[in-house]
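Q: Please read through the structure below; I'll follow up with questions.
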């Protein structure tokens, strides 16, 4: 009940915030400008991009004034978004996850469909799917597609004469030589628990290569991590690397930015991560961004190896936005699906991967790891992560992968526990067959 | 509604034969504001909590699913270990607070220099924000860069990894909890000790009782009401502890320091609002189930 009270309180706070905003709405039209609010997460790098996009948008649309509003990241922010939507108090336009998490905010009840807008035709097909619910499209992309796999230290690879591996056996062989040379083969950073999931989640391209129907069967409660060998492999890799002693010594207490610094400076050879990390690498190890390369998570079959993609989050308009504000919000949403919007984002950050808009080009000066990722995308050997193909993602995966990677729980046991965990999510979403 | 009004009209009838019943000295309009506040902020949310615990609730809509949330909650894999951790945590912190609180109270009621100041110092940690304490100790307990292990290194001991070692995580948090909360136990004990008449100690001294005997046979039994308060307060506090654990380990590594309250919070965080409400009802019942018999047991012994 304590938390119920917290929800009520949060609701009350955002309500009062709302009334303050509405009081100010009398001068929304001041100077003939329509004022809209844009809500996004408060990560400093993200805010920088938001500022640049707003500036570029306002320059092109002088009759609109966009006010930036921020929210916490992670599940705290998720709850804030849900609370504000359910109380009809959402910002006029907001950024939120695509894929499985979008389904949890009930798009058909809460969001304005934009299926008929002209820019929808420019969207990458996969991205269009992950911002849709039923037959309607709801969002334009925020930032870029990024790829999950292994970040590696290129100078170290060159020094030891290693090649980026395509199979797990080759990867383990590389690890053995790296360890013999006195460097930690793989960095893990369990103080930031979310980072522990990448070895499982980024293996998904290999899972769907081995078992193309997995995502659908998984959603229908017919396929399980514990009983599908290709899916179980992700958990087994964690166990295997831990048993071989390939982690950095401080894996239990290290943080995300320490992992990035380690792989950029060569104190660790590999760091399983998603390429959106390039912005953070520049902060964690200035000047070393291009020492970091990227390869897809190695699987069993070299010929079918490929990268797992994370789709951008979306820009959505809640149903509570009406009239002039709706028109202005739609312009803002469309701006992000245009070359000018892409350019504004590229000017403010190191891009983590290709754009989800067909009319946008990736500039030539992107980080090496992003170029490596583009090779996979251009060759067609990249596919979306499971959370963009199925609405189900269990909330406890990061704790389970920490346990498996720390040797607290065996891999098979961890996979079974995760299968239990996703059941709650499926039931909460009211899916068939659960 | 009918049952409520029924109960109200029946109530005076059953209480008429009892002349000892206290009647309010105020007319109804006078207690109305209190009644409204109570209803809106306490009664309605409590009833709603019980209702939502029976639904699958997404904040946008709700579906009545009977007791499924409770069934699900008891099937929660983290729950059985969470329950065990809760009990270990509550008993460890409560036990240590009793022992250390008593020891500190004996020290601080004795003839020491700057007694008033010393007493405040012992109480200071209680006043500090729990989240602040948690974050501070997270840094102090860092396995390699933390002050604690660096100090242990100096005297040749390799300290454990504290918060990131699965075997130590829960105990590490419990130690910090004891450090932070022992001041309150000490104050309660000091009040208990100071209320013991000095004649008892003088008489015992005359009869040749040593320090240990005086403590064992006078202080300990006569401070029993204080002991009961300390045990009950710290046990209930330990059972529903959340803020410190969340600030220090978030229940990790993995699930190794997950307690009832953090398991519940994670369900809420994941958007399982009905399930987490059911968890709160379970926690509420658990605290009552443990605290009430204890309270009853201690008080009964007290009467003898």
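Q: In the set A:156, A:151, which member is buried (at least 21 other Cβ atoms within 10 Å of the Cβ) and farther than 28 Å from residue A:430 by Cα? Give the steps one after another, and end with the answer.
A: Values: A:156 fails: buried (at least 21 other Cβ atoms within 10 Å of the Cβ).
Within the list A:156, A:151, the selection yields A:151.
Q: Follow-up. So which residues in the stretch B:204-219 are assigned to a helix (DSSP H, G or I) and in contact with a helix residue (DSSP H, G or I) (Cβ under 8 Å, 6 or more places away or on another chain), if there are any at all? Step through it out loud before you land on a result.
A: Quick first cut of the stretch B:204-219, residues assigned to a helix (DSSP H, G or I) only: B:204-206, B:211-219.
Within the stretch B:204-219, B:204, B:205, B:213, B:214, B:215, B:217, B:218, B:219 meet the criteria.
Q: Another one. Please go through the stretch B:191-203 and pick out each residue that is in a helix (DSSP H, G or I) and without any contact (Cβ under 8 Å) to a residue 60 or more places away in the chain. Lay out the reasoning, then the answer.
A: Here is the first cut: in the stretch B:191-203, the residues in a helix (DSSP H, G or I) are B:191-194, B:198-203.
Listed by number, the residues that qualify are B:191, B:198, B:199, B:200, B:201, B:202, B:203.
Q: Something else about it: Yes or no: residue B:208 without any contact (Cβ under 8 Å) to a residue 24 or more places away in the chain and exposed (fewer than 15 other Cβ atoms within 10 Å of the Cβ)? Write out each step before concluding.
A: Numbers: without any contact (Cβ under 8 Å) to a residue 24 or more places away in the chain: yes; exposed (fewer than 15 other Cβ atoms within 10 Å of the Cβ): yes.
In short, yes.
Q: If I go through the stretch A:75-85 residue by residue, how many of them are touching a helix residue (DSSP H, G or I) at 6+ places or on another chain (Cβ under 8 Å) and more than 20 Å from residue A:134 (Cα to Cα)? It would help to see each step written out before you state the result.
A: Residues of the stretch A:75-85 that are touching a helix residue (DSSP H, G or I) at 6+ places or on another chain (Cβ under 8 Å), as a first pass: A:75-76, A:78-80, A:83-85.
Cutting the leftovers down to more than 20 Å from residue A:134 (Cα to Cα) gives us A:75-76, A:78-80, A:83-84.
Qualifying residue count, the stretch A:75-85: 7.
Q: Restricting to the stretch A:134-148, and then to whatever is farther than 26 Å from residue A:200 by Cβ and out of contact with any strand residue (DSSP E or B) (no Cβ under 7 Å at 6 or more places or on another chain), can you tell me which residue is surrounded by the most Cβ atoms within 10 Å (Cβ to Cβ)?
A: Kept after step one, since they are farther than 26 Å from residue A:200 by Cβ, are these residues of the stretch A:134-148: A:134-140.
Applying the additional criterion that residues be out of contact with any strand residue (DSSP E or B) (no Cβ under 7 Å at 6 or more places or on another chain) yields A:134-137.
Numbers: A:134: 9, A:135: 8, A:136: 15, A:137: 21.
Among residues in the stretch A:134-148 that are farther than 26 Å from residue A:200 by Cβ and out of contact with any strand residue (DSSP E or B) (no Cβ under 7 Å at 6 or more places or on another chain), the one surrounded by the most Cβ atoms within 10 Å (Cβ to Cβ) is A:137.
Q: In the list B:112, B:131, which residue meets the criterion of being farther than 30 Å from residue B:290 by Cα and either assigned to a helix (DSSP H, G or I) or away from chain A (no Cβ under 14 Å) (or both)? I'd like the intermediate steps shown before the answer.
A: Working: B:131 fails: farther than 30 Å from residue B:290 by Cα.
Unique residue meeting the criteria: B:112.
Q: Here's something else I'd like to know. Name every residue in the stretch B:50-90 that is without any contact (Cβ under 8 Å) to a residue 40 or more places away in the chain, more than 12 Å from every other protein chain (Cβ to nearest Cβ) and over 16 Å from residue B:282 (Cα atoms), in order of residue number.
A: Listed by number, the list holds a single entry, B:64.
Q: Report yes if some residue within the stretch B:163-183 is more than 14 Å from every other protein chain (Cβ to nearest Cβ) and assigned to a loop (DSSP other than H, G, I, E, B); otherwise report no. Explain how you work it out, then say what you get.
A: Going through the stretch B:163-183, the residues more than 14 Å from every other protein chain (Cβ to nearest Cβ) turn out to be B:171, B:173-183.
Filter once more, so that each one left must be assigned to a loop (DSSP other than H, G, I, E, B): none.
The answer is no; no qualifying residue exists.
Q: Being surrounded by fewer than 22 Cβ atoms within 10 Å (Cβ to Cβ) and over 25 Å from residue A:261 (Cα atoms): is that true of residue A:211 here? So that I can check it myself, show each step before the final result.
A: On the way: surrounded by fewer than 22 Cβ atoms within 10 Å (Cβ to Cβ): yes; over 25 Å from residue A:261 (Cα atoms): yes.
So residue A:211 fits the description; yes.
Q: Could you list, in sequence order, the residues of the stretch A:79-100 that are more than 9 Å from every other protein chain (Cβ to nearest Cβ) and assigned to a helix (DSSP H, G or I)?
A: Result: A:80, A:81, A:84, A:100.
Q: So residue A:127 ticks every box in (1) without any contact (Cβ under 8 Å) to a residue 12 or more places away in the chain; (2) part of a helix (DSSP H, G or I) but one. Which box is left unticked?
A: (1)
Q: Right, something else. Can you tell me which of A:202, A:187, A:210 is more than 21 Å from residue B:255 (Cα to Cα) and more than 21 Å from the chain's Cα centre (by Cα)? Explain how you work it out, then say what you get.
A: Values: A:202 fails: more than 21 Å from the chain's Cα centre (by Cα); A:187 fails: more than 21 Å from the chain's Cα centre (by Cα).
Sole residue among the options that is more than 21 Å from residue B:255 (Cα to Cα) and more than 21 Å from the chain's Cα centre (by Cα): A:210.
Q: Given the residues B:178, B:228, B:187, which is the only one that is within 30 Å of residue B:143 (Cα to Cα), in contact (Cβ under 8 Å) with a residue 24 or more places away in the chain, in contact with a helix residue (DSSP H, G or I) (Cβ under 9 Å, 6 or more places away or on another chain) and surrounded by 15 or more Cβ atoms within 10 Å (Cβ to Cβ)? Write out each step before concluding.
A: Working: B:228 fails: within 30 Å of residue B:143 (Cα to Cα); B:187 fails: within 30 Å of residue B:143 (Cα to Cα).
Among B:178, B:228, B:187, only B:178 is within 30 Å of residue B:143 (Cα to Cα), in contact (Cβ under 8 Å) with a residue 24 or more places away in the chain, in contact with a helix residue (DSSP H, G or I) (Cβ under 9 Å, 6 or more places away or on another chain) and surrounded by 15 or more Cβ atoms within 10 Å (Cβ to Cβ).
Q: Can you tell me which condition residue B:295 does not meet? The list is (1) more than 8 Å from chain A (Cβ to nearest Cβ); (2) more than 26 Å from residue B:141 (Cα to Cα); (3) touching a residue at least 60 places away in the same chain (Cβ under 8 Å); (4) buried (at least 20 other Cβ atoms within 10 Å of the Cβ), and all the others hold.
A: (4)
Q: For residue A:45, are the conditions met, namely being part of a helix (DSSP H, G or I), surrounded by fewer than 18 Cβ atoms within 10 Å (Cβ to Cβ) and in contact (Cβ under 8 Å) with a residue 12 or more places away in the chain? Can you show your working first?
A: Details: part of a helix (DSSP H, G or I): yes; surrounded by fewer than 18 Cβ atoms within 10 Å (Cβ to Cβ): yes; in contact (Cβ under 8 Å) with a residue 12 or more places away in the chain: yes.
Against the criterion (part of a helix (DSSP H, G or I), surrounded by fewer than 18 Cβ atoms within 10 Å (Cβ to Cβ) and in contact (Cβ under 8 Å) with a residue 12 or more places away in the chain), residue A:45 qualifies.
Q: Filtering the stretch B:241-270 down to residues that are assigned to a loop (DSSP other than H, G, I, E, B) and either touching a strand residue (DSSP E or B) at 6+ places or on another chain (Cβ under 9 Å) or within 15 Å of residue B:88 (Cα to Cα) (or both), which residue is farthest from the other protein chains (Cβ to nearest Cβ)? Give the steps one after another, and end with the answer.
A: Applying the first criterion (assigned to a loop (DSSP other than H, G, I, E, B)) to the stretch B:241-270 yields B:241-242, B:249-259, B:270.
The next check asks that each one be either touching a strand residue (DSSP E or B) at 6+ places or on another chain (Cβ under 9 Å) or within 15 Å of residue B:88 (Cα to Cα) (or both); those that pass are B:241-242, B:251, B:255-259.
Numbers: B:241: 12, B:242: 8, B:251: 7, B:255: 6, B:256: 7, B:257: 11, B:258: 8, B:259: 14 Å.
So the residue we want is B:259.
Q: If you don't mind, another one. Restrict the check to the stretch B:282-289 and report whether at least one residue is farther than 30 Å from residue A:103 by Cβ, part of a helix (DSSP H, G or I) and more than 14 Å from every other protein chain (Cβ to nearest Cβ). Quick ask: steps written out before the conclusion?
A: Of all residues in the stretch B:282-289, those farther than 30 Å from residue A:103 by Cβ come to B:284-289.
Right, trim to part of a helix (DSSP H, G or I) and you get B:284-289.
With the extra rule that they be more than 14 Å from every other protein chain (Cβ to nearest Cβ), the set shrinks to B:289.
Within the stretch B:282-289, one or more residues are farther than 30 Å from residue A:103 by Cβ, part of a helix (DSSP H, G or I) and more than 14 Å from every other protein chain (Cβ to nearest Cβ).
Q: Here are some residues: A:329, A:307, A:277. Which one is crowded, with 24+ Cβ neighbours inside 10 Å, touching a strand residue (DSSP E or B) at 6+ places or on another chain (Cβ under 6 Å) and within 28 Å of residue A:251 (Cα to Cα)? Spell out how you get there, then give the answer.
A: Details: A:329 fails: within 28 Å of residue A:251 (Cα to Cα); A:277 fails: touching a strand residue (DSSP E or B) at 6+ places or on another chain (Cβ under 6 Å).
None of the other options fit; the residue is A:307.
Q: Further, regarding this structure: When you check residue A:336 against the structure, is it farther than 30 Å from residue B:164 by Cβ and out of contact with any helix residue (DSSP H, G or I) (no Cβ under 6 Å at 6 or more places or on another chain), yes or no? Steps first, please.
A: Working: farther than 30 Å from residue B:164 by Cβ: yes; out of contact with any helix residue (DSSP H, G or I) (no Cβ under 6 Å at 6 or more places or on another chain): yes.
Considered against the rule, which asks whether it is farther than 30 Å from residue B:164 by Cβ and out of contact with any helix residue (DSSP H, G or I) (no Cβ under 6 Å at 6 or more places or on another chain), residue A:336 comes out as yes.
Q: Say whether the condition of being away from chain B (no Cβ under 14 Å), touching a residue at least 40 places away in the same chain (Cβ under 8 Å) and farther than 25 Å from residue A:162 by Cα is met by at least one residue in the stretch A:255-269.
A: yes
Q: So which residues in the stretch A:58-78 are assigned to a loop (DSSP other than H, G, I, E, B) and touching a strand residue (DSSP E or B) at 6+ places or on another chain (Cβ under 6 Å)?
A: Let us first name the residues in the stretch A:58-78 that are assigned to a loop (DSSP other than H, G, I, E, B), namely A:61-63, A:72-73.
Once the filter is applied, which keeps residues that are assigned to a loop (DSSP other than H, G, I, E, B) and touching a strand residue (DSSP E or B) at 6+ places or on another chain (Cβ under 6 Å), the stretch A:58-78 yields only A:73.
Q: Among B:144, B:136, which is the only one that is within 14 Å of chain A (Cβ to nearest Cβ) and more than 30 Å from residue B:194 (Cβ to Cβ)?
A: Every option except B:144 fails the conditions.
Q: Same structure, new question: Answer yes or no as to whether residue B:121 is assigned to a helix (DSSP H, G or I), more than 13 Å from chain A (Cβ to nearest Cβ) and crowded, with 20+ Cβ neighbours inside 10 Å.
A: Details: assigned to a helix (DSSP H, G or I): yes; more than 13 Å from chain A (Cβ to nearest Cβ): yes; crowded, with 20+ Cβ neighbours inside 10 Å: no.
Judged against the criteria, residue B:121 is not a match.
Readers should treat all values here as calculations from the given coordinates under stated rules, not as data from a laboratory. These figures come from a predicted structure and were not determined experimentally. Here Cβ is always computed from backbone atoms with ideal geometry, including for glycine, and neighbour counts include all displayed protein chains.
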